[in-house]
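Written below as structure tokens is the structure these notes are about.
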Amino acid sequence: MTNKSNRVLYAGSTADLYTRVYEHKTNFFPNSFTAKYNISKLVYYENFHFIDEAIAREGQIKKMARQKKMSLIERSNPEWKDITESLE
């Protein structure tokens, strides 16, 4: 996820992506990193069958250099559009 200007990148894992994105968009946790930096735009996600796989992948992504994260996003979403609607 990112903010409107695409300057701040956030990676996380969840068992319920739709609900988690909603929480970010509504600042459900007002003191969180995502609320502080207005992280509300879903630009990339991956599906996994098991949460431990998702958590491991989250760790890999968090360790990536910013340019590598940007390339990962741009392969499937070159315009950095909010893809939340694709979850419905």
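FYI, it's all coordinate maths here, none of it is from the lab. All values reported here derive from a predicted model rather than from experimental measurement. Every residue, glycine as well, gets a Cβ built from its backbone with ideal geometry; the counts of neighbours run over all protein chains shown.
Remarks
- Residues of region 45-60 classified as in contact with an Asp or Glu (Cβ under 9 Å, 6 or more places away or on another chain) and surrounded by 15 or more Cβ atoms within 10 Å (Cβ to Cβ), total: 1
- Thr34 falls short of the stated requirement of being loosely packed, with under 13 Cβ neighbours inside 10 Å, within 21 Å of Glu85 (Cα to Cα), out of contact with any Pro (no Cβ under 7 Å at 6 or more places or on another chain) and of a type in the set (Ser, Thr, Tyr).
- Odd one out for Ser13 among (1) closer than 21 Å to Pro78 by Cα; (2) surrounded by 17 or more Cβ atoms within 10 Å (Cβ to Cβ): (1)
- Taken over region 2-54, residues that are among the basic types (Lys, Arg) and under 19 Å from Met70 (Cβ atoms) amount to 3.
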